[in-house]
Amino acid sequence: MPLHDATYKHWTGVHLGLWRRRLAIAMNGLTACLENKLIRHLTVVCWTVAIIMSAVLFMVGQLLVADSLIVQWVENLNPELQTFARMLTSWLEQHPEISVRTTQNVHFYYCSIYMLPVSIFALGMAMPLLVTRDLASNAIIIYSSKAVSRGDYLFGKFSTACGLIILTWLGPVCAAWFVGNLLAPDWRFFWHSRAALGHVLVYGLSSMGILAVLALGISAISSKEKSTIAFWFIWWILGGVLTPIATQTKPWLRHLSFSFNLDQIALAVFRVGDDIKIAQDNIPILGDMLRQISSKTMEGLSTPAIGGALVALAVMLVVAACIVVTRVKPE
Amino acid sequence: MEMPPSLIIETKSLCKIFGKQRALDGVNLQVPPGAIGLLGPNGAGKSTFMKCLLQLQPISSGSAKLLGREVGREGREIRKRVGYTPEQDCHIPGMVGCEYVTYCAQLCGLPFQVARQRAHEMLDFVGMGQERYRKIDTYSTGMKQRLKLAQAIVHDPEIVFLDEPTNGLDPKGQAQILELVQSLWRTFGITVVVSSHLLHDVDRICEQIIIIARGRVLVHDSLENLKARKRGAAEVVVADRHEELRLACERRQWACELLPNGHLKVEHKATSLNPLISLLHDLKLAPLEIIPSPNALEETFVQALEISHATA
């Protein structure tokens with residue numbers, strides 16, 4: 001019996017729209033990323049950190065409630081702390097705009113910049129799954145012969161990179177903000193911490209876009225998987241090593257590091273220097289602790305090299321886009 | 001429902017230039033639906049022609065319509081209704097066979113559930129069994145060719161372009177793939193354009209022939225018409241009494257040759273097979289098979305190439 005008997009059927013359904021096809025590309029890429037054990041583990045670590053961040057925010061929030069378990073526990077731990085806890089609670093109640101806004105802004109600034117390297121590492125591991133493998137296996141031809149254009153393909157791959165960044169960075173940070181404030185004793189926490197969320201979103205989304213384009217560029221630079229992974233990590237690590245040296249010698253060299261440039265954007269967006277000054281002047285105990293930060297560090301936090309960072313990132317984006325446009329072709 | 005166009009491919013002065021080389025040089029074609037064979041020697045421009053129609057290569061000048069739509073303006077819309085199997089391997093590494101075909105269907109706009117179901121149907125159709133659950137990287141050449149065909153037809157296209165579909169296959173694999181391709185047009189009404197330099201493959205499954213050389217269309221006609229031009233010869237397959245038949249032919253002054261495969265090639269010089277059949281009847285000889293105009297395609301091909309070389 002011939003193989004094709006009764007197995008071929010015509011399909012008369014309705015084709016899905018372009019965005020669904022782009023989503024299919026993005027989801028396929030993300031699924032492939034999550035098949036990598038290391039990326040899976042990193043994702044779990046990031047979400048664990050999100051739970052810890054939520055717990056920290058929960059505990060800070062509990063300090064506002066005079067008879068909360070946390071306050072009682074602090075008092076039981078050391079009766080001398082009782083006065084301090086009461087004073088802190090009353091101060092927090094009187095100045096929620098400072099206590100919540102400032103602490104959460106500083107908190108999310110540090111969460112953002114410390115979790116970003118995890119995301120950069122995950123992107124490095126996922127480098128071959130963005131464009132490299134498709135270049136090596138001529139799969140670009142298959143994409144181009146389907147009902148998607150090169151732009152759709154690149155958008156899908158860009159979304160894959162963004163999805164990975166959301167999974168390992170932006171998602172956990174935003175979830176921590178939401179859960180932390182949800183568990184707070186007062187709904188006003190959401191209102192007073194809106195600036196922190198805004199800063200996280202502005203910095204997170206802009207960094208996500210920049211990193212995704214840079215990752216696509218590096219991924220398209222070669223059709224050898226090891227080369228693209230190595231290039232990404234060498235660029236990242238070399239930038240990290242170069243930054244402190246360049247600060248002492250030629251400061252413009254720092255802008256060769258994409259992570260340094262992103263840090264400058266973070267400083268400009270969160271304006272964490274201003275918040276630390278507010279905390280130093282207004283928050284009891286914590287303010288005293290923050291006054292120990294050196295003036296040089298404070299200067300660095302207050303005056304980010306944002307102009308140079310934006311120019312450097314723009315140049316990097318143009319170069320990455322050129323690499324992608326030149327390399328990602330059906331032939 | 002959109003009516004299928006009467007002409008499936010239309011090109012006007014289609015040119016494709018790579019540097020100083022003209023890969024396609026003023027191609028004018030009007031091709032109705034059917035099983036179409038695109039013949040030509042290596043480097044003739046067959047693959048470039050397909051790629052231009054699919055927008056994998058930009059057209060340098062001229063115009064082309066596929067399925068009644070302007071190539072270059074409605075790329076996505078055209079490719080939604082077109083299937084393509086490239087000559088080289090082009091799977092996505094690390095993917096399992098059925099996942100890959102499902103994904104290809106999704107890229108054409110099929111919802112996931114439908115895509116998955118059709119992927120399995122197409123893998124059944126091309127004769128892939130449990131190996132569909134294996135990673136494509138582990139597939140043999142034959143399996144990869146089948147998979148390429150499955151991904152090309154999973155979205156139920158109106159036309160399928162097959163670039164050297166039997167490359168690297170053993171004779172059995174070749175026969176199976178050709179049978180599948182043949183059924184696409186004959187049974188399911190899907191136009192197939194087969195690019196090949198293997199005349200036998202094209203002769204077996206195609207109804208229309210386009211011969212391309214040096215980027216130009218040398219011949220575009222139905223296989224029937226091409227064979228009609230070369231009537232007057234036939235191959236006769238008989239179980240025995242070869243010598244008797246040969247002598248009878250010679251008595252009628254028909255050139256006769258015993259081929260290495262045991263067939264007798266008879267040049268009967270008539271426009272129909274009737275004189276030959278009459279002779280066999282007189283001899284009371286029942287042939288196993290009579291193949292009319294056995295080398296018509298080959299001869300046309302060689303002749304076209306010779307003219308092309310002479311005029312170049």
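The values are calculated or read from the model by the stated rules, or taken from the named source; none is laboratory data. Only a predicted model underlies this, so the values are computations on that prediction, with no experimental measurement involved. Here the Cβ positions follow ideal geometry from the backbone for every residue, glycine too, while neighbour counts run over all protein chains shown. What goes into the accessible areas is simple: the full protein's heavy atoms, side chains included, and nothing from ligands, DNA or RNA. Shrake-Rupley method; radii C 1.70, N 1.55, O 1.52, S 1.80 Å.
If you take every DSSP beta bridge whose two residues both sit in the protein assembly as shown, what share of them, in percent to the nearest 5, is antiparallel?
Bridges in the protein assembly as shown are about 65 percent antiparallel.
Find, among the trypsin sites (Lys or Arg not before Pro) in region B:55-110, those assigned to loop by DSSP (not H, G, I, E, B) with at most 12 other beta-carbon atoms within 10 angstrom.
Details: sites: B:Lys65, B:Arg69, B:Arg73, B:Arg76, B:Arg79, B:Lys80, B:Arg81; in loops: B:Arg73, B:Arg81.
Taking region B:55-110 and a limit of 12 other Cβ atoms within 10 Å, the loop trypsin sites (Lys or Arg not before Pro) found are B:Arg73.
Could you work out which residue, out of B:Pro292, B:Pro157, B:Pro275, moves most in a Gaussian network model of chain B, that is, has the largest mean-square fluctuation with Cα springs under 10 Å?
Highest fluctuation among the options: B:Pro275.
Which lysines, on any chain, are close to A:Lys277 with Cα under 30 Å apart, when same-chain ones fewer than 8 places away are left out?
Cross-link targets: A:Lys250, A:Lys296.
Considering every residue in B:98-104, what mean count of other chain Cβ atoms within 10 Å of its Cβ is obtained? Don't skip to the end; give the middle numbers.
Details: counts 0, 2, 3, 0, 2, 7, 5.
Mean partner shielding for this stretch: 3.
Give me the percent relative contact order of region A:213-331, please, defined on Cα pairs under 8 angstrom at least 6 residues apart.
Details: 109 pairs, mean separation 40.8, N = 119.
For region A:213-331, the relative contact order is 34 percent.
Report ³J(HN,Hα) in whole Hz for each residue of region B:37-43, in order, from the Karplus equation J = 6.51 cos²θ - 1.76 cosθ + 1.60 where θ = phi - 60°; Gly and Pro get x.
Karplus values, whole Hz, x for Gly and Pro: x, 9, 10, x, x, 4, x.
To check my understanding: the extent here is largest minus smallest coordinate of the Cα atoms along each principal axis. What are those three numbers for region A:3-135, in Å, largest first?
Principal extents (Cα only, largest first): 86, 33, 27 Å.
Would you mind working out the magnitude of the charge dipole of chain A relative to its Cα centre, with +1 at each Lys and Arg C-beta and -1 at each Asp and Glu C-beta, to the nearest 20 Debye?
Details: 24 positive and 18 negative charges, 279 e Å.
Dipole about the Cα centre, nearest 20: 1340 debye.
I'd like the mean, over residues of A:15-25, of how many other protein chain beta carbons sit within 10 Å of each residue's own Cβ.
On the way: counts 8, 8, 1, 2, 0, 5, 7, 1, 1, 12, 3.
That average works out to 4.
Could you work out the relative contact order of chain B, using alpha carbon pairs under 8 angstrom and six or more residues apart, expressed as a whole percent? Working shown, then result.
Numbers: 566 pairs, mean separation 59.0, N = 312.
Computed over chain B, the figure is 19 percent.
Just to confirm the filter: which GluC sites (Glu not before Pro) across region B:1-77 are DSSP coil and have at most 15 other Cβ within 10 angstrom of their Cβ?
On the way: sites: B:Glu2, B:Glu10, B:Glu70, B:Glu74, B:Glu77; in loops: B:Glu2, B:Glu74.
Counting only loop positions with at most 15 other Cβ atoms within 10 Å, the GluC sites (Glu not before Pro) in region B:1-77 are B:Glu2.
Please report the net charge: other residues with Cβ closer than 14 Å to the Cβ of B:Lys46, K and R +1, D and E -1.
Local charge sum for B:Lys46: -1.
Write down the radius of gyration of region B:1-147 and its Dmax, each obtained from C-alpha positions, in Å.
Over region B:1-147's Cα set, Rg and Dmax evaluate to 17.4, 49 Å.
Can you divide the C-alpha Rg of region B:98-209 by 2.2 N^0.38 Å and report the result to two decimal places?
Working: Rg = 13.7 Å, N = 112, 2.2 N^0.38 = 13.2 Å.
Cα Rg divided by the expected 2.2 N^0.38 Å: 1.04.
If N is the number of residues in region A:168-265, what value comes out of its Cα radius of gyration divided by 2.2 N^0.38 Å?
Values: Rg = 17.9 Å, N = 98, 2.2 N^0.38 = 12.6 Å.
Output field value: 1.42.
Please compare each pair in A:Lys329/B:Lys65; B:Lys80/B:Lys148; B:Lys65/B:Lys172 to a cut-off of 25 Å on the Cα-Cα distance and tell me which ones are over it. Walk me through the numbers before you get to the answer.
Details: A:Lys329/B:Lys65 22 Å; B:Lys80/B:Lys148 17 Å; B:Lys65/B:Lys172 36 Å.
Correct reply: B:Lys65/B:Lys172.
On a full-extension model of 0.36 nm per residue, what is the gain between B:Arg251 and B:Arg186, subtracting their alpha-carbon distance, rounded to one decimal in nm? Walk me through the numbers before you get to the answer.
Numbers: separation 65, 0.36 × 65 = 23.40 nm, distance 4.19 nm.
Roughly 19.2 nm would be gained on extension.
Using alpha carbons only, how many angstrom separate the centre of region A:97-141 from the centre of region B:90-111?
27 Å
For the A and B pair, go ahead and give the buried accessible area with a 1.4 Å probe, both sides summed, in Å² to 100.
Details: alone 17590 and 15480 Å², together 29330 Å².
The summed interface area works out to 3700 Å².
Compute a Gaussian network model of chain B, connecting alpha carbons closer than 10 Å, and tell me which residue from B:Thr300, B:Thr48, B:Thr271 fluctuates the most.
B:Thr271
What are the semi-axes of the equivalent ellipsoid for the protein assembly as shown, taken as the square roots of 5 times the Cα gyration tensor eigenvalues, largest first, in whole Å?
On the way: eigenvalues 1039, 124, 70 Å².
The equivalent ellipsoid of the protein assembly as shown has semi-axes of 72, 25, 19 Å.
What residues does region A:140-158 have that are buried by at least 40 Å² of accessible area in the full protein assembly compared to the chain on its own, 1.4 angstrom probe?
Buried by 40 Å² or more upon assembly, which counts only protein chains, are A:Ile141, A:Ile142, A:Tyr143, A:Ser145, A:Lys146, A:Ala147.
Which pairs, out of A:Lys226/B:Lys135; B:Lys227/B:Lys265; A:Lys224/B:Lys46, put more than 24 Å between their alpha-carbon atoms? Intermediate results must be reported in sequence, preceding the final value.
Details: A:Lys226/B:Lys135 21 Å; B:Lys227/B:Lys265 16 Å; A:Lys224/B:Lys46 30 Å.
Beyond 24 Å between Cα atoms: A:Lys224/B:Lys46.
Dipole size in debye (nearest 20) for the protein assembly as shown around its Cα centre, Lys and Arg Cβ +1, Asp and Glu Cβ -1? Spell out each step's value before the answer.
Working: 61 positive and 54 negative charges, 208 e Å.
Roughly 1000 debye for the protein assembly as shown.
Skip the ligands, DNA and RNA, and give the accessible area per residue of the protein assembly as shown with a 1.4 Å probe, whole Å².
Using a 1.4 Å probe on heavy atoms only, each residue of the protein assembly as shown averages 46 Å².
Within region B:181-248, report the trypsin sites (Lys or Arg not before Pro) that DSSP leaves as loop and that have at most 14 other Cβ atoms within 10 Å.
Numbers: sites: B:Arg186, B:Arg204, B:Arg214, B:Arg216, B:Lys227, B:Arg229, B:Lys230, B:Arg231, B:Arg241, B:Arg246; in loops: B:Arg214, B:Lys230, B:Arg231, B:Arg241.
Counting only loop positions with at most 14 other Cβ atoms within 10 Å, the trypsin sites (Lys or Arg not before Pro) in region B:181-248 are B:Arg241.
Using each residue's phi in region A:113-123, evaluate 6.51 cos²θ - 1.76 cosθ + 1.60 at θ = phi - 60° and report the 3J(HN,Hα) Karplus result to the nearest Hz, with x for Gly and Pro.
Ordered by residue, 3J(HN,Hα) equals 6, 7, 8, 4, x, 4, 5, 5, 5, 4, 4 Hz.
On average, how many beta carbons from a partner chain sit within 10 Å of the beta carbon of a residue in B:90-97? Please report the intermediate quantities before stating the final value.
Details: counts 11, 4, 10, 10, 6, 6, 0, 0.
Mean number of neighbouring Cβ atoms from other chains: 6.
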